[in-house]
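The values are calculated or read from the model by the stated rules, or taken from the named source; none is laboratory data. From a predicted model like this one, the values you see are computed outputs, not experimental measurements. Positions of Cβ are backbone-derived with ideal geometry, glycine not excepted, and every protein chain shown enters the neighbour counts.
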Amino acid sequence: MTIRNGLRKIGSLFGQRGEEGSALVEFALTLPMLFGLIYLAASLTLGMYNLQQLGNATSATAMAVGNDVGLYPSDDPCAYAETTMVASLPNWTAANFTYKLTVTDTSDTTHPYSGSGTSFSCPLGSVVPGPNYPVTLTVSYTYTWLGIPALPFFHPGTSTAGKLVSSQSAIQM
């Protein structure tokens, strides 16, 4: 009888009595994964929303550059595109934009211009934009994602910045 009594004592150590805090342990193990999924969903949603805003602003800017041929201040379609883009997205940082504008002239020659920030300029000079020829604007923006990967327990090389890119073409009038 003493052996049976000893086994019962050992069994009670690992039996029913030892399961009282298991729900708390399972909750503590799944909570970080749940927060990770919520963070991922929020970050991707904000990124897609900003990409949509960039696409809409790029489209409006390309149409404005194509429609207003000959009406640019200082005969500079790049400065006009930069001004229009920054006005379309007033809460965005102008220094994070990178532009590429391709103008097709009447001899069907393409003239690419590129710049970044607030220094995007391309006086046309002898380039005569042709009606019914395309003008293509590509805009990229350095976007800062939610800052959770910058916390100390993440890899030190983890970046919280990425590029959002939108390209639109319009026919010059």
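Among what's in the stretch 56-74 and is of a type in the set (A, V, I, L, M, F, W, C) and buried (at least 18 other Cβ atoms within 10 Å of the Cβ), pick the residue that is nearest to the chain's Cα centre (by Cα).
Initial filter on the stretch 56-74 (of a type in the set (A, V, I, L, M, F, W, C)): 57, 60, 62-65, 69, 71.
Imposing the further condition that a residue be buried (at least 18 other Cβ atoms within 10 Å of the Cβ) reduces the set to 57, 62-65, 69.
On the way: Ala57: 14, Ala62: 20, Met63: 22, Ala64: 24, Val65: 24, Val69: 30 Å.
Among residues in the stretch 56-74 that are of a type in the set (A, V, I, L, M, F, W, C) and buried (at least 18 other Cβ atoms within 10 Å of the Cβ), the one nearest to the chain's Cα centre (by Cα) is Ala57.
Checking Met85 against (1) of a type outside the set (S, T, N, Q); (2) exposed (fewer than 14 other Cβ atoms within 10 Å of the Cβ); (3) at pLDDT 80 or above; (4) within 30 Å of Ser43 (Cβ to Cβ), only one condition comes out false. Which one?
(2)
Scan the stretch 95-115 for residues that are hydroxyl-bearing (Ser, Thr, Tyr), surrounded by fewer than 16 Cβ atoms within 10 Å (Cβ to Cβ) and modelled with pLDDT of 90 or more and jot them down.
Step one: list which residues in the stretch 95-115 are hydroxyl-bearing (Ser, Thr, Tyr), which gives 98-99, 102, 104, 106-107, 109-110, 113-114.
Restricting the remaining residues to those that are surrounded by fewer than 16 Cβ atoms within 10 Å (Cβ to Cβ) gives 106-107, 109-110, 114.
Result: Ser114, single match.
Which one is nearest to Gly130 (Cα to Cα), of the residues in the stretch 50-72 that are among the small types (Gly, Ala, Ser) and in a helix (DSSP H, G or I)? Working first, answer last.
Within the stretch 50-72, the subset among the small types (Gly, Ala, Ser) is 55, 57, 59-60, 62, 64, 66, 70.
When the remaining residues are screened for being in a helix (DSSP H, G or I), the result is 55, 57, 59-60, 62, 64, 66.
Details: Gly55: 25, Ala57: 24, Ser59: 20, Ala60: 20, Ala62: 15, Ala64: 15, Gly66: 10 Å.
Of everything passing the filter in the stretch 50-72, Gly66 is nearest to Gly130 (Cα to Cα).
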